[in-house]
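One structure below.
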Amino acid sequence: MNQFSRDVSTGTANGYDRIHILGVGNLGKLVAYHLVKQDPQTRVTLLFHRQSLVTEWDAAGRKIECVTDGQAHSASGIDAEVVSSAESRPIKNLIVACKTFMTTTALSQVKNRLDGESTLLFIQNGMGTTEEVTSKLFPEAESRPSYWAGISIAGVYNTKPFSVVHAGKGPLILGPVPNDSQDIPSQRTGNVSPNPKANYMIEKLVGAINLQATVTSAAELRKAQLQKLTANAIINPLTAIFDCKNGELLDNGAKQALIEVLVSEMGPVIRALLPPVETQPDANLADFSDEKLLAYVHMVIDKTGKNTSSMLQDVKARRPTEIDYINGFIAARGEAFGLACPKHASLVTMVKEARVIGDGDIQ
Ligand code: KPL
């Protein structure tokens, strides 16, 4: 048995060897596809939040298609159900891949199926959802699931329902997250020890070779989350406002100067959110200097140059965006630390206005 081997004493009926996925956006579909493609024995259930998704799922032949390097392949044998409060079968492994602003509502619909032995793996943009889920849904520590999070900069988009194009491959970094309602490092009290029953889900994800998933510590995961938050706080609102591909953010000096100003405004907040020194002995604040954060943003822009950011896609489709959990999160935490971020607060307002004037054309 390796460290991620399944506890074979747990059976199918109690849900330990089934992975549920809440949110069938591009990442949710990509993960479902690779889990089943790697091992057709893996039991995966997609949780639909609306009945019309069943019609789309049936029309897609109950398969997920994945296009890589121009070649389309599909994975079948995936289960699906519409979330319903009448359902009570336990959910032990749940990947939360819905939009950040829907997380609490979506999870409240399956809350009766979750308990202290469940593990939630959040694979989302932005930050602040785990703390919100704890305070709104699981205030009692005994019945609170364990939390993990996953960070990915894979370029994924879709051209039709239940189909994804895996354009830019990138690692999926997985790690445990404290399950408290606090994200100010010095005030954290949450349990970060991963639920040993999470092993099945983590083992399966790491085993799905094309997901390039690796497991790291809570402190290292936190650092990856903060780097990704920095990239999202620059790329997502600016591409939404300028209506451009990620790579076009570096095509003139004015945009580059704006990126620099925004990174230096958020840099102090990102550094204040780093894990405490005792949990990251090799931590180097210099890794999070404004220069290093800027270099990270440029790296993500280069790697995802041809992408239409998720926020621009949302604006064009007149959907709500994740701005409150990206720049809104930075502005709110900045205020709590006495590190005001007025420019990031303005981006929140501007993106909300861009949503109103968006032309609704998703290209
Ligand atoms: O996460 C992304 C997004 O679009 O939300 C990036 C990394 C910016 C890729 O487009």
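Any read-out appearing in this document is the output of simple, stated calculations on the displayed coordinates, not a laboratory observation. From a predicted model like this one, the values you see are computed outputs, not experimental measurements. Cβ placement follows ideal geometry from the backbone for every residue including glycine, while neighbour counts extend to all protein chains displayed.
Details
- Separation in nanometres of the label points that stand 7 Å from Cα toward Cβ, at Thr349 and Asp69: 5.0 nm
- With K and R counted +1 and D and E -1, the other residues having a Cβ less than 9 Å from that of Phe288 yield a net charge of +1.
- Across the stretch 158-169, computed HN-Hα scalar couplings (Karplus, 6.51 cos²θ - 1.76 cosθ + 1.60, θ = phi - 60°) run 10, 10, 8, x, 6, 9, 10, 9, 8, 7, x, 7 Hz from first to last residue, x flagging Gly and Pro.
- Within straight-line cross-link reach of Lys111, lysines at Cα separation under 25 Å, skipping those fewer than 8 residues along the same chain: Lys29, Lys92, Lys99, Lys136, Lys197, Lys204
- Pairs from Lys303/Lys343; Lys37/Lys63; Lys255/Lys316; Lys245/Lys352; Lys292/Lys352 whose Cα-Cα separation, in the structure shown, is over 23 Å: Lys303/Lys343; Lys292/Lys352
- Compactness relative to 2.2 N^0.38 Å, alpha carbon Rg of the stretch 29-186: 1.08
- Start at zero, step by 10 Å, and the Cα-Cα distances of the chain spread as 5, 24, 35, 26, 9, 1, 0 percent across the bins.
- Inter-part distance, the stretch 319-352 to the stretch 37-90, computed on C-alpha centroids, equals 34 Å.
- Net charge in the neighbourhood of Thr134 (other residues with Cβ under 9 Å of its Cβ; Lys, Arg +1, Asp, Glu -1) is -1.
- Projected label distance in nm at Val54 and Glu291, using a 7 Å step from Cα toward the beta-carbon: 5.9 nm
- Relative to the current alpha-carbon distance between Glu335 and Arg319, full extension at 0.36 nm per residue lengthens the span by 3.0 nm.
- Kyte-Doolittle at least 0.5, axis length at least 24 Å by Cα - qualifying DSSP helices, the chain: 253-272
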